[in-house]
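*Asks:* Below you'll find the structure I mean.
Quick note: the coordinates plus some simple rules give every number you see, no bench work behind them. As the structure is a computational prediction, the values presented were derived from the model and not from experiment. Note that each Cβ is placed from the backbone with ideal geometry, even for glycine, and that neighbours are counted across all protein chains shown.
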């Protein structure tokens with residue numbers, strides 16, 4: 001009797017073990033299939049989309065910054081939120097040419113997120129009497145000044161350019177910059193936008209062809225922005241060209257096919273003198289050579305220039321300078 005009972009218990013145990021084993025096997029197989037086809041809870045299509053969209057900024061993401069600064073911006077390549085603050089209140093002339101804000105009087109700020117921090121860079125156009133109050137207020141708000149200098153020469157009235165940098169809470173930084181600029185006469189109202197295909201009086205197609213780049217009309221000025229071909233790192237973070245690291249070349253028509261040109265070439269040390277020679281060989285003045293940043297790698301130098309002559313002739317001179325630089329050739333048409 002006892003033997004029969006033990007036999008029954010053994011049979012029951014084998015049955016239970018067999019069911020448990022089958023159950024474990026099914027779970028294991030299901031897990032493998034889930035892993036293969038991305039069906040796990042941590043790899044759902046929704047989560048994949050969330051990761052894919054991470055870092056893809058839109059203006060709504062920057063609403064708090066916009067409100068703190070008092071001016072809206074736009075998303076630029078590299079997930080940079082850029083705000084333009086043209087000094088449309090100023091009437092500045094260079095050698096008889098009245099500068100349009102888009103030629104050489106455009107303050108700007110660029111915001112770029114990295115984790116829970118935001119890097120901010122900018123260039124503020126200031127009159128001489130505005131420099132000290134603005135600089136002092138920026139320092140109080142934790143915003144660094146990285147350069148203060150001229151960009152053009154013989155201008156009237158005198159204009160200074162203050163380059164700034166900050167890292168931290170983007171909204172707080174925007175508020176500090178707003179409070180500093182409130183001590184200047186910088187307008188915060190949006191300028192009326194001109195049609196992008198506006199005829200400004202020079203052959204922009206021919207300029208594109210000569211320069212090997214595609215420009216755009218902005219405020220009556222034809223502008224080129226040309227990225228370098230290497231990454232620039234500052235404080236361990238890659239800095240996109242939209243944060244002031246693209247060579248800027250601006251043409252303002254002055255009549256009869258002529259244009260005033262200015263902007264800045266973004267150069268490494270070995271390119272500085274070859275570019276100077278190319279510009280001088282083509283009748284283009286070098287008006288400033290300096291840094292805009294403090295801790296970038298590779299070390300960069302910014303060369304500003306000026307001329308007022310036949311637009312196509314000047315474009316050929318500028319192209320000669322670009323050909324001596326490590327620019328992003330892929331951007332050329």
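*Asks:* For a Förster distance of 25 Å, can you work out the FRET efficiency between the beta-carbons of residue 312 and residue 74, rounded to the nearest 0.05?
*Replies:* On the way: r = 31 Å, r/R0 = 1.24.
Calculated value: 0.20.
*Asks:* In which sequence would 178, 290, 304 go, from the one with the fewest C-beta neighbours within 10 Å to the one with the most?
*Replies:* Numbers: 178 19, 290 16, 304 22.
Ranking 178, 290, 304 by Cβ neighbours within 10 Å, fewest first, gives 290, 178, 304.
*Asks:* Jot down the radius of gyration and Dmax of the range 264-333, Cα atoms only, both in angstrom.
*Replies:* Cα only, the range 264-333: 12.5, 39 Å (Rg, Dmax).
*Asks:* Residue separation times 0.36 nm, minus the C-alpha to C-alpha distance between residue 286 and residue 88: what's the value?
*Replies:* Details: separation 198, 0.36 × 198 = 71.28 nm, distance 2.52 nm.
Additional length available on full extension: 68.8 nm.
*Asks:* Applying a 10 Å radius around every beta-carbon, put 204-216, 311-323 in order of their mean neighbour count, most first. Each step should come with its number before you reach the end.
*Replies:* Details: 204-216: 16.7, 311-323: 20.5.
Most protected by this proxy first, the peptides run 311-323, 204-216.
*Asks:* So, one more: Measuring from centroid to centroid over Cα atoms, what is the spacing of the range 264-333 and the range 95-127 in Å?
*Replies:* Using only Cα atoms, the two centres lie 19 Å from each other.
*Asks:* Here's something else I'd like to know. At 25 °C and 0.890 mPa s, what whole-number value in µm²/s does Stokes-Einstein give for the translational diffusion of the range 205-333, with Rh from the Kirkwood sum over Cα pairs?
*Replies:* Values: Rh = 14.9 Å.
Once the numbers are plugged in, D ends up at 165 µm²/s.
*Asks:* If R₀ is 41 angstrom, what is the calculated FRET efficiency for the pair residue 205 and residue 148, using the beta carbon separation as r and rounding to 0.05?
*Replies:* Working: r = 39 Å, r/R0 = 0.94.
For residue 205 and residue 148, the calculated efficiency is 0.60.
*Asks:* Right, next: By per-residue mean of other Cβ atoms within 10 Å, what is the highest-first order of 247-258, 145-156?
*Replies:* Numbers: 247-258: 19.6, 145-156: 16.1.
For the peptides 247-258, 145-156, the packing ranking is 247-258, 145-156.
*Asks:* How do 296, 130, 98 rank when sorted from fewest to most other Cβ atoms within 10 Å of their own Cβ? Numbers along the way, then the final one.
*Replies:* Working: 296 16, 130 20, 98 12.
Starting with the residue having the fewest Cβ neighbours, the order is 98, 296, 130.
*Asks:* Report P(r) for the range 109-238: all Cα-Cα distances, bin width 10 Å, range 0 to the bin holding the largest distance, values in whole percent.
*Replies:* 10, 30, 32, 24, 4
*Asks:* Further question: Between residue 67 and residue 140, with labels modelled 7 Å along Cα→Cβ, what's the label distance in nm to one decimal, could you check?
*Replies:* Between residue 67 and residue 140, the simple spin-label model gives 2.4 nm.
*Asks:* Let me ask something else about it. Order 221-227, 238-244 from most to least packed using the mean count of other Cβ atoms within 10 Å.
*Replies:* Details: 221-227: 22.4, 238-244: 20.6.
The peptides rank, most packed first, as 221-227, 238-244.
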